[in-house]
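The values are calculated or read from the model by the stated rules, or taken from the named source; none is laboratory data. Source: prediction; values computed, not measured. For neighbour counting, all protein chains shown are included, and Cβ atoms are generated from backbone atoms with ideal geometry for every residue, glycine included.
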Amino acid sequence: MRLLQFLRPDGQRAVGLVEAPDTVRVLAGCDSSYALVSQALAEKTPLARLAKKRVSAERVDYDELVERQAVLVPFDHPDPAHMLVSSSGLTHLGSERTRDHLRRALRAGETTLSDSLRLFKLGLEGGRPNGSGLPGVAPEWHFKGSGHSVVHPYQDFPVAAFAADASEEPELAGLYLIGPDRTPRRVGFALANELSDHVTERSNSGLVSHAKLGGSSFGPELLLDELPPSITGLSRIVRKGRLRWEKPFLTGEENMSHSIANIEFHHFKYDQFLVPGDVHVHYFGTATLSFAEGVKVDSACRFEISAPPFGRALVNGISRVNNAFRYGSVKAA
């Protein structure tokens, strides 16, 4: 089951069940996925059951929603300041070619490993707890921003003029609502594009956190079903209607060095992330980047990320924007 959140022509929000590739069945009396999830928790009803109960006879055309850019991220918070976006890295095994490269690097000896490879090695050795009930080692972690940094599907990422790069990272996103009892409740999963400044990231490991503060997008559909253990997706870059780059990517726990439960633990173990009512979006990482193959993107490029369990592709463009904030703009209160 997959849900879609969208705007009606009058600007009011609505939620629908994706019935077919081109048809969405509207949920009655539901103006946001946040309200739907909150009701499900309050009534102690499975979210999928409540969604089915609210399905109405009203249908909307999916293509029409895309055409007028009415598709929203499938889950968010009414107040973007209460939506926290974060990510983990060095969590995926990648293709067999990538794995072979890593195996050779790891065999070269501990003293020659970069900090990233050492962290990846720790994940390989201890990122998947063996059922002892204890967590594994912590993955790499980054803060992406609040809900203000999120870009809706089919819209452009605003890229600051100072950014040295802005290219894609095709990922899975886990979507969460913190319950009244401070327990994180996983709402479901979505495709995601965690835009990053890879030039800055590679220039110095100390600047990785800066490089991750670009925008991100997820959706367009929210998967409520159980996540398949192995997922093969496709990451594409289209420029002016022509294919610029294309490559499959692997995700799902069978293709990860960390289990999803381990990644979730190391995010939500911090008390400040357990505020009742807050929404969390956490990206689980990737091993497939166009940047790694020398591809340079510009404002004429469009990212398309797809995988069969998630319905339609996540599509975003990019556009350069001038940063309004200038050096010396901070003033005393």
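Restricted to region 119-193, the set of strands (runs of 3 or more DSSP E) holding at least 3 residues that are in contact with a helix residue (DSSP H, G or I) (Cβ under 7 Å, 6 or more places away or on another chain) and in the same structural domain as Phe268 (by TED's automatic domain parsing) comprises 140-146.
Residues that are surrounded by fewer than 19 Cβ atoms within 10 Å (Cβ to Cβ), assigned to a helix (DSSP H, G or I) and among the acidic types (Asp, Glu): does region 291-303 have at least one? So far as region 291-303 goes, yes, one or more of its residues are surrounded by fewer than 19 Cβ atoms within 10 Å (Cβ to Cβ), assigned to a helix (DSSP H, G or I) and among the acidic types (Asp, Glu). Scanning region 194-212 for residues that are in a loop (DSSP other than H, G, I, E, B) and of a type outside the set (A, V, I, L, M) yields a count of 3. When the test is whether a residue is touching a strand residue (DSSP E or B) at 6+ places or on another chain (Cβ under 9 Å), touching a residue at least 40 places away in the same chain (Cβ under 8 Å) and charged (D, E, K, R), Asp61 does not pass it. Residue count for region 305-333, restricted to those that are surrounded by 19 or more Cβ atoms within 10 Å (Cβ to Cβ) and outside any loop (DSSP other than H, G, I, E, B): 6. Only one of the numbered conditions (1) of a type in the set (Val, Ile, Thr); (2) within 30 Å of Phe75 (Cβ to Cβ); (3) modelled with pLDDT under 75 is not met by Val151, and that is (3).
Quick one: which residue in Ser217, Ser230, Ser196 is modelled with pLDDT of 95 or more, surrounded by 15 or more Cβ atoms within 10 Å (Cβ to Cβ) and either within 23 Å of Leu3 (Cα to Cα) or in contact with a helix residue (DSSP H, G or I) (Cβ under 6 Å, 6 or more places away or on another chain) (or both)? When all the criteria are applied, what remains is Ser217.
Within region 2-22, residues that are assigned by TED's automatic domain parsing to the domain that holds Ala307 and under 17 Å from Val151 (Cα atoms) reach no partner that is modelled with pLDDT of 95 or more and of a type in the set (A, V, I, L, M, F, W, C) with beta carbons closer than 9 Å at six or more positions or on different chains. Within region 236-290, which residues are part of a strand (DSSP E or B) and among the charged types (D, E, K, R)? Passing the criteria: Arg236, Arg239, Arg242, Arg244, Glu246, Lys247.
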